[in-house]
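Here, each number is a calculation from the coordinates, and none is a lab measurement. The structure presented is a predicted model; accordingly, all values stated were derived computationally and were not measured. For neighbour counting, all protein chains shown are included, and Cβ atoms are generated from backbone atoms with ideal geometry for every residue, glycine included.
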Amino acid sequence: MRWKGGRSGGGIEDRRGMGAGGVAGGSLGVLVLAAIGYFVFGLDPATTTRLANEIGVGAPAAVEGQTGTPADEAGRFVDVIGANLNDVWIAALPGYTPPRVVLYDQATPTDCGFGQAAMGPFYCPPDRSVYLDVTFWAQLAELGGSDAEFARAYVIAHEYGHHVQTLTGTADQARQAQQAAGSTAEANRYSVALELQADCYAGVWAANAARASGGEVALEPGDLEAGLATAAAIGDDALQQRGGGRVSPESFTHGTSAERAAWLRRGYEAGHPSACNTFQNL
């Protein structure tokens with residue numbers, strides 16, 4: 001993927017190296033186990049707070065990192081991709097405002113509760129922030145995804161997709177529908193629709209990245225395939241199979257491998273967010 005000549009946004013809040021914001025080391029392991037549920041099963045980060053309270057762990061102290069363009073390559077990558085994502089969405093969505101992007105390691109406080117490295121990248125609607133622990137790239141490869149740069153960018157773009165859903169009101173509408181649902185399986189279908197739409201929005205960004213950057217950020221041969229392979233690797237069915245458990249469609253919260261790859265491709269081929277109505281058949 002071409003990105004090193006791309007524009008830097010300079011708005012990355014870097015909390016790496018600041019510790020876990022007051023979370024005790026012994027309790028952190030318990031919280032990490034709880035946080036795995038977010039990435040694999042789609043639990044809201046706020047669930048981690050509830051679990052922490054149940055085991056008697058207080059909320060971590062607030063922390064604030066340095067804001068700017070990180071000096072390391074991983075941080076610069078997030079900055080350039082984020083700036084390009086903002087440029088694409090400013091052009092595509094009237095009234096778009098960029099999310100805050102926070103880099104951290106181990107754990108960090110958020111308005112959604114404890115942010116945990118084991119959760120993978122996530123978006124917190126209350127503080128409109130994307131939280132990234134860049135060591136997730138290695139975990140992504142271990143899950144069967146690609147280690148290509150576009151695969152990493154796809155994951156970032158997916159979280160920006162959740163920000164778009166917050167700005168448009170789609171996220172609130174879906175959560176209201178979940179609360180009114182008659183069963184957990186029915187509520188999960190709205191979660192799947194949200195996640196697949198975020199995948200589709202990632203494809204929309206990829207289709208417009210080069211035009212928004214004058215060609216400085218662009219996909220290269222093989223990049224789309226790497227992204228599709230990564231989307232497939234983190235489908236609910238693939239993760240459940242990898243975990244050794246029974247594949248339970250009623251528990252899916254992110255979509256199957258085939259669905260995630262298909263919606264990423266659909267967004268890329270259409271190049272416009274109007275193609276991303278994953279709620280039409282609910």
Within a 10 angstrom radius of the beta carbon, how do Ser183, Ser213 rank from fewest other beta carbons to most? Ser183, Ser213
Bin width 10 Å, origin at 0, all Cα-Cα pairs of the range 131-179: what percent of pairs per bin? 24, 37, 25, 14
Summed over the other residues with a beta carbon less than 10 angstrom from that of Val101, with K and R at +1 and D and E at -1, the charge totals -3
Neighbouring Cβ atoms within 10 Å as the yardstick, rank Met18, Met1 fewest first. Met18, Met1
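Where a ≥ b ≥ c are the square roots of the eigenvalues of the C-alpha gyration tensor, would you call the range 101-243 rounded, which needs a/c under 1.5, or, failing that, prolate if a/b is larger than b/c, or oblate?
Cα axes put the range 101-243 in the rounded bin.
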By counting other Cβ atoms within 10 Å of each Cβ, how are Val63, Val101 ranked from fewest to most? Val63, Val101
Using a simple spin-label model with points 7 Å from Cα along the Cα→Cβ vector, what separation in nm is obtained for Phe279 and Ala181? 1.4
